[in-house]
Amino acid sequence: MLTQLKTAFLREGIDITQLPLTMDSAYVSQELRERLHQLGFIDIIIAGKSNYVFTIDGQKWDASTWKKVMMLEEPTWGIDVPSCRIWADSPTFGSLILFFFRKSTTRSYYLMNFSQRALRGAEIWHIWKQHHAIEYFWKIMKSIFQIRSMQLQGDGLYTALLIKVFAYLLALRLQAQGVFSKLTLTEIMRKLRREEDLRDFLVTHFHAPFSIA
């Protein structure tokens, strides 16, 4: 899929390998890491699984244990959560940077830097914060359009991508109108979710192009 997307965007003069990639832990694999590097992607941040084993400072534990014992520093410039950036060794991935962080008083998480360069903690966090915002945006979208699931295989993949593209274009067009111009895309989506009838909303704001008559 990424090969096809890269080719399609290059035809329009856009090199998507210069954009950071973020992925949930379900996609983690050394094969994927190597493939992304071959395609030319530079910055890649992936959420780690709890059962992965890492050796840090000569101590070998699984990630679930490291999340409990890792000493996190208080928020610093560019990082608004307690965190720790540290080098580790993995039997699967070799030497890599891990970024541990805590979003609440009880839950800690960690990210793996699959990038082709050693990113600073602030860089890793900046990239991942965008992942969270985008994920929340699409969650609202699925609620608005009553999409129960988006299959990422076969024809379902392209259908899901088209839905996302059209939904995003809809949000951008709404943002260009006066009543929505001061709202973020996520705030616009929240407003849409509160509407009782999406079709009536579209007819009100877009008239003929979205008429259901």
Self-check item: Residue tally, condition touching a residue at least 40 places away in the same chain (Cβ under 8 Å) and surrounded by 14 or more Cβ atoms within 10 Å (Cβ to Cβ), over the stretch 80-98
Solution: 4
Exercise. Filter the stretch 80-100 for residues that are among the aromatic types (Phe, Trp, Tyr) and closer than 14 Å to LEU119 by Cβ and give the result.
Key: TRP87, PHE99
Quiz item: Listed residues THR55, THR3, THR22, THR7; which is buried (at least 16 other Cβ atoms within 10 Å of the Cβ) and of a type outside the set (Asp, Glu)?
Solution: THR22
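Laboratory data are not the source of any read-out in this text; all were calculated from the coordinates shown. No experiment lies behind these values; they were computed from the predicted model shown. Counting neighbours? That spans all protein chains shown, and the Cβs are built from the backbone with ideal geometry, glycine included.
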